[in-house]
Amino acid sequence: MSEETVRLEVARQEPDGASRRDVFDVPFDDRTSVLDALQWVKDHADPTLTFRWSCKMAVCGSCGVMVNGRPVLGCETFVRGFRTSGLVVEPLAHAEVLRDLVVDTDTFVGKLAAVKPWLVPDGATRLPLAGDAAGVAPDVAPDVAPDVVPVALAGGPAPGEDVLRAVGPASGHRQTPGELAAFKGFAECIDCMLCYAACPQLDLAPDFLGPAVVATARRWDEDSRDGGELARADVLDTEFGAWPCIQVGACTQVCPKGVDPARALRDAQRVATETWEARQASTEAGPAR
Amino acid sequence: MLPVSPLRVEHADVVVVGGGAAGLSAALAIAETAAREAGGTRAPVVALVSKVYPMRSHTVAAEGGAAGVVGDDDSLEQHVADTLAGGAGLCEEDAVRFVVERAAGELWRLERWGLPWSRTDDGDVAVRRFGGMSRARTWFAADKTGFHLLHTLFQTSLRYAGDDGVVRRYDEHHVLDLVVDDPGGPDARVRGVVVHDQHRGEPLLLAAPAVVLATGGAARAWGTSTNAGIVTGDGMAMALRAGVPLRDLEFLQFHPTGLPGSGILLTEAARGEGGVLLDAEGRRYLADYGLGPETPVGEPVPRTMELGPRDRLSQAFWHADRDGRTIPTPDGGVVLLDLRHLGRERIAERLPLVAGLAKQFAGVDPALEPVPVRPTAHYTMGGVRTDARGATEVGGLFAAGECASTGLHGANRLGSNSLVETLVVGRAAGEAALAWARGASAGRVAGGASGAGAGVGPGSVDADVVDRAADVADRYLAMRGRGTEPPAALRAELGRVLDADVGIYRDADGLRRALATVEDLRARYDDVRVADTGAVLNTDWATTVELGATLLVAHAAVAAALAREESRGAHQRLDAPAADDVPRHSLVALDAAGRVEVTHAPVGRADRGPDDGTRPSAAAPSSPVEGEGA
């Protein structure tokens, strides 16, 4: 590293809650990231500085922090942009601080689990949208249901037996590039929680499912192979589901992966309304299927 | 002097160490077995222990894809043949067959779980070409295959991770060591793992009759590496200390296209899609180093030029560098990965991550300019010696994924074979571990935890096991607030010497230098400085514990490299350029005094220690697992 240094102020907090601010002069060059700067402090100035990191290529989602009030991934944010202003690094907002820059992640994972972020396979629960009268089953190839499992020879081929046999499922769903594109953007979420730090509504409603979780719920809803939309609607159409969102759009602005959680929230609110109306209509029309 | 730490005890049927693709596959296999049996036998409990959160695991960074035969022009036989050819004599053929037979099945399973595989216009799963593969058989999700694979597995696992679920997660819990009876002996048997709960700041014994190690590789030891900070060889070190040999550890794959300095990976898929490599003069230099004949730009031919095996491409770079054909930079010589002819649209569709990484971390737009690249440490071919299903010679101990050496990769891994290995062997190891645990709880194996999954507290665990676990915890906790050697300096020196002397080409002088350095670093580590004395989220301590594992595994790798006086696959010796007539595995073990010992063993059935009938198969019942014909 060159001789040039930058002023790095870091918010510190002990597990017992005691907090303070520390300031370091950190050497840097054109390639020094905020994460590199924090690691320099840990290696050369204060080994007790506590922060998360892993991949250093903006895909694992570990190293989210606030830099000068803005939530960013430390690994892809470069110190060179803060030469004159200096940096103030703080833990992500809207999450309990466990120590220094490490915040609670369990609450987020709990919210994620609540929206059933897995493929609900066997259909008939896809929403009647845009005037469809009946639920629409996802497009499942007819042979998808049971695993097609040719029995392999026990313990592998016997001596002299050279026949290789495929084991396990031998088919799946068809999905066109267009059907893939319908949800792929939402599937790019890396669970970094920057959008939670940015969302002002979490000040008022800390239990709000939040942008990333609703985006993931919509990722599954919009997947042509999934039939879980109604089950997720039960979670999204609640006081702290999709409704706390007032479309500020901060989530979409700070997302490092180009996911558009604001759109997901808008869609979730629209679907919740349509679902409610569809359920009302089917109640009036007689017993639901 | 040692504080007596209060040791919490919890039980599981199976402990899975690691939350990446292999660990999640193992846990999901157990959860699915339980779901099929619902209402019958007592539901098992699998403890899924991750030192991070599972979705942060390094699987997330895998880019290119996963191999599985689907096309009419392809066959299982051809996938086996390609893998054996890449492995240069060191593959275990039964493991190759085992994985190849199950590869497409596991990829279809992920499809059914919702993985967003890239598609053809007709809606079929698309496959792409990959280095060393004679057919297009690599399934992919753009160039973020590992990311989507990991998140699909993790989100699917949440289904089984509710309050009464089969999967009990232990996130940000750092595994310190295994508890093993009679380590290295004939009755060796695992009893559980000693864990540090980083949130509560206290140690924990997870008692279980079966443990699956799924801790990933060790290539972070090298200074320039594609690997995340968490890829520190923890499980390999634990297995070695427990008496399980590490096999073929000298075979370290250098990926030919990393970003200079950072080592960030640019996937082989960039070449599979038609990218080419150019020297300083703009020439396709690979043709001059035995990888020709030169193929037309944008029309990649399997196993030729840019799609040659990774070891050959990295070796060609080394020669080109020595011949003065690279572009000098402060990070060493570089060559150019040229994608411009693909066009912006194709790059955005097939290689969005490559485009983003090049822009963000190298300041280059690959649609307009070629990207500077150089080889970087990437994948640990060797690891904990297991059979095809992940069983080790310690009763109840399994390993899967990059930390294991099943024999699939031999001396050189083909790109896209490792992701399927995590799925196939992860699943098989999970099923085998559950079968073993049930044998144990039925009393067929001594040390079974009959109350497994039911309790908290030392009730059904031998007091002796708790005492040994407490000793382990105390020993590690006592590192805090002691020592004089700064860990960062030890880590930097290790990375430097491995880069310099244990790289693409090696020789005896360099390897002896490296060995002496690593031995010195290990001696200095005995007095390593851990300044942070905090209990909660003490990352100074945790990363220093990791460094101890990395140093041990690096020591084993260097010793194995020095002992292999031939050139084969990813291990190239300038002072021994020929391959031996008869290929042999290397095995590293610790002797009674803890010294690193290297021996060699033949390839094939004679080396099938875990399969020789003396162990797990005796107790792994003739399987309750349906469908796999296990």
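Side notes on the structure shown:
- Distance between modelled label sites at B:ASP575 and B:ASP121, nm, 7 Å Cα→Cβ extension: 5.9
- Checking every one of the GluC sites (Glu not before Pro) in the stretch A:192-289 against DSSP loop status and a limit of 14 other Cβ atoms within 10 Å picks out A:GLU239.
- FRET E, pair A:ARG31, B:THR304, Förster distance 30 Å, beta-carbon r, rounded to 0.05: 0.30
- Packing, taken as the mean count of other beta carbons within 10 Å per residue, orders the peptides B:295-304, B:267-276, B:424-433 from highest to lowest as B:424-433, B:267-276, B:295-304.
- Model label sites at B:ASP187 and B:GLU294, defined 7 Å from Cα along the beta-carbon direction, differ in position by 6.9 nm.
- Maximal additional length on extending the B:VAL582-B:ASP464 stretch stands at 37.9 nm, based on 0.36 nm per residue less the C-alpha distance.
- Under-5 Å amide H pairs with B:VAL9, H placed in peptide plane, nonlocal only: B:LEU205, B:GLY457
- Mean Kyte hydropathy of -1.0 or more with a Cα span along the axis of at least 24 Å, helices from DSSP in chain B: B:93-112, B:417-441, B:508-525, B:539-563
- Least to most buried among A:ASP237, B:ASP72, B:ASP121 (fewest other Cβ within 10 Å first): B:ASP72, B:ASP121, A:ASP237
- Segments B:171-184, B:496-509 sorted - mean Cβ within 10 Å per residue, highest first: B:171-184, B:496-509
- Annotation: amide H-H contacts under 5 Å for B:ARG506 (H modelled 1.01 Å from N, sequence separation of 5 or more, or interchain): B:GLN572, B:ARG573, B:LEU574.
- By definition, a body whose alpha carbon gyration tensor gives a ≥ b ≥ c is rounded when a/c is under 1.5, and the protein assembly as shown falls into this rounded group.
- The stretch B:215-251 versus the stretch A:1-57: alpha-carbon centroid distance in Å: 28
- Take the Cα of B:ASP331, go 7 Å toward its beta carbon, and the backbone nitrogen atoms of the stretch B:198-227 under 11 Å from that spot belong to B:224-226.
- Cys with no candidate disulfide partner in the protein assembly as shown (beta-carbon separation under 4.7 Å rule): A:CYS63, A:CYS75, A:CYS189, A:CYS192, A:CYS199, A:CYS245, A:CYS255, B:CYS91, B:CYS403
- Shielding by partners, peptide A:182-194 (average Cβ within 10 angstrom, other chains): 3
- Förster radius 41 Å - calculated FRET efficiency between A:THR283 and B:GLU349, Cβ distance, rounded to 0.05: 0.35
- Put in line by how crowded their Cβ is, counting other Cβ atoms within 10 Å and starting with the fewest, B:TYR53, B:TYR289, B:TYR379, A:TYR196 read B:TYR289, B:TYR53, B:TYR379, A:TYR196.
- As a proxy for reagent exposure, ranking B:ARG529, B:ARG374 by other Cβ atoms within 10 Å from fewest up yields B:ARG529, B:ARG374.
- Of the trypsin sites (Lys or Arg not before Pro) found in the stretch B:23-77, the ones in coil according to DSSP and having at most 14 other Cβ atoms within 10 Å of their Cβ are B:ARG42.
- For the stretch B:263-327 versus the stretch B:16-40, the gap between their alpha-carbon centres in whole angstrom: 41
- ³J(HN,Hα) computed for each position of the stretch B:210-221 - Karplus, 6.51 cos²θ - 1.76 cosθ + 1.60, integer Hz, glycine/proline x: 9, 9, 10, 7, 9, 9, x, x, 9, 6, 5, 4
- Computed over the stretch B:478-581, Cα set: Rg, Dmax in Å: 16.4, 55
- Residue (of B:ALA219, A:HIS44, B:GLY146) at the positive-pole extreme of the protein assembly as shown, dipole from beta-carbon charges: A:HIS44
- Cut-off under 5 Å, modelled amide H: who pairs with A:GLY86 long-range: A:ARG7
- Which listed pairs, of A:LYS56/A:LYS111; A:LYS111/A:LYS184; A:LYS257/B:LYS359; A:LYS111/B:LYS144, have C-alpha distances above 18 Å, in listed order: A:LYS56/A:LYS111; A:LYS111/A:LYS184; A:LYS111/B:LYS144
- The modelled label-to-label distance for the pair B:ASP73/B:ALA442, using points 7 Å beyond Cα in the direction of Cβ, is 5.0 nm.
- A Förster radius of 41 Å combined with the Cβ-Cβ distance from A:ASP16 to B:GLU519 puts the calculated FRET efficiency at roughly 0.50.
Readers should treat all values here as calculations from the given coordinates under stated rules, not as data from a laboratory. The structure presented is a predicted model; accordingly, all values stated were derived computationally and were not measured. Note that we place each Cβ from the backbone using ideal geometry, even for glycine, and neighbour counts take in every protein chain shown.
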